[in-house]
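The values are calculated or read from the model by the stated rules, or taken from the named source; none is laboratory data. Note that the structure is predicted; figures quoted are calculated from it, not measured. Here the Cβ positions follow ideal geometry from the backbone for every residue, glycine too, while neighbour counts run over all protein chains shown. The area values use the complete protein model at the heavy-atom level, side chains included, leaving out ligands, DNA and RNA. Shrake-Rupley method; radii C 1.70, N 1.55, O 1.52, S 1.80 Å.
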Amino acid sequence: MIWGLAAAVLWGVADFSAALLSRRLRAIPVVVIVQGVGAVGLGLLWFLVRPPFVADATEIGLLVVNGVVAAAAYVALYEGLGIGPVALVSPIAASYALVSIGLSMLLLGERLGPALGLGAAITLAGVVLASSDVRGVHLRDVERARGVPYALAAAVLFGVATFILGRSSRELGWLTAIAIGRGFTFLASATIARWRRTPFDRVDRRGFAVALGLGVVDLLGIAAYAWGSEVALLSLVIAASATFPLVSVAGGILVLGERPARSQFLGVGLVVAGLVALGLAS
């Protein structure tokens, strides 16, 4: 579980940094730079370590799917973080754990015990509360809620991507799995940028340097998650890693001065409580 928690801390820092950067540079350029850092760094590490390569066509195909899905997930997440409150978008995106754990139970036969149902119910209730504002719908509230659809899309996409990456880490070893997966994620994100004709004119030297640092932090989080998936129960690592909103929400409130409604605070708390319950159930 320690590797899942390490991933959570790193991803929390990455989420908060991505929110600040996406509001300045747009989401897609940030995704391309971050994924490029990961692809180059992991490629070099794989070349230096030279782990055994045993991937067949099926495993490569799954990692291609992982790359495309993960690229779409990152774009959705960074778009949401760029236009919505971190304290709202990040907890909703963290509910990807429900998708990943569900797939682990369905396809890998993992069984976590009856407490899983309680944890899942608490998490879903938290997502509903965190996605709504009972103070009333005003223009400012509509603007605040613009990030919610992106966060929900990111949750589903990351749920699929993290399950595939965790499974592949078991079959191929963590380094081979994330090196190949991140390479395809970079190619997919660059394709999205080209398809949408995304300009990179806002990316100055400072922004590029910050994006590089963000890429390193995100990469370390992926490595911690993949290593944990190789050596421990996948569902446990997923549940532990999904507690990253504790970091990003704190940053949004303390640094950006975000003030969600009380019902949204309750929703955030329920999401975190539900994810912790999932971890304990594991």
ARG197 meets each of (1) in a helix (DSSP H, G or I); (2) without any contact (Cβ under 8 Å) to a residue 24 or more places away in the chain with one exception, condition (1)
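Just a yes or no: is a residue in the range 5-13 surrounded by fewer than 18 Cβ atoms within 10 Å (Cβ to Cβ), within 22 Å of GLY159 (Cβ to Cβ) and at pLDDT below 90? Before the answer, list the steps.
Pass one, the range 5-13, residues surrounded by fewer than 18 Cβ atoms within 10 Å (Cβ to Cβ): 5.
So of that shortlist, the ones also within 22 Å of GLY159 (Cβ to Cβ) come out as 5.
Imposing the further condition that a residue be at pLDDT below 90 reduces the set to 5.
Yes, some residue in the range 5-13 is surrounded by fewer than 18 Cβ atoms within 10 Å (Cβ to Cβ), within 22 Å of GLY159 (Cβ to Cβ) and at pLDDT below 90.
Restricting attention to the range 28-84, and to residues there that are among the small types (Gly, Ala, Ser) and farther than 19 Å from ILE164 by Cα, which single residue is nearest to the chain's Cα centre (by Cα)?
Per the criteria, the residue is GLY80.
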In the range 191-210, anything under 16 Å from ALA71 (Cα atoms) and open to solvent by less than 20 Å² (accessible area, probe 1.4 Å) is listed as ALA193
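Given the condition under 22 Å from VAL75 (Cβ atoms) and either surrounded by fewer than 22 Cβ atoms within 10 Å (Cβ to Cβ) or in contact with a His (Cβ under 6 Å, 6 or more places away or on another chain) (or both), answer yes or no: does some residue in the range 169-183 qualify?
Keep residues of the range 169-183 that are under 22 Å from VAL75 (Cβ atoms), which gives 177-183.
Retained after the next criterion (residues that are either surrounded by fewer than 22 Cβ atoms within 10 Å (Cβ to Cβ) or in contact with a His (Cβ under 6 Å, 6 or more places away or on another chain) (or both)): 183.
Among the residues of the range 169-183, at least one is under 22 Å from VAL75 (Cβ atoms) and either surrounded by fewer than 22 Cβ atoms within 10 Å (Cβ to Cβ) or in contact with a His (Cβ under 6 Å, 6 or more places away or on another chain) (or both), which makes the answer yes.
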For helices (runs of 4 or more DSSP H) lying entirely in the range 26-117, having 2 or more residues that are out of contact with any Phe, Trp or Tyr (no Cβ under 8 Å at 6 or more places or on another chain), modelled with pLDDT of 85 or more and open to solvent by 30 Å² or more (accessible area, probe 1.4 Å) picks out 27-49, 57-83
Residue set VAL276, VAL249, VAL271, VAL237; condition surrounded by fewer than 21 Cβ atoms within 10 Å (Cβ to Cβ) and modelled with pLDDT under 80; output residue VAL276
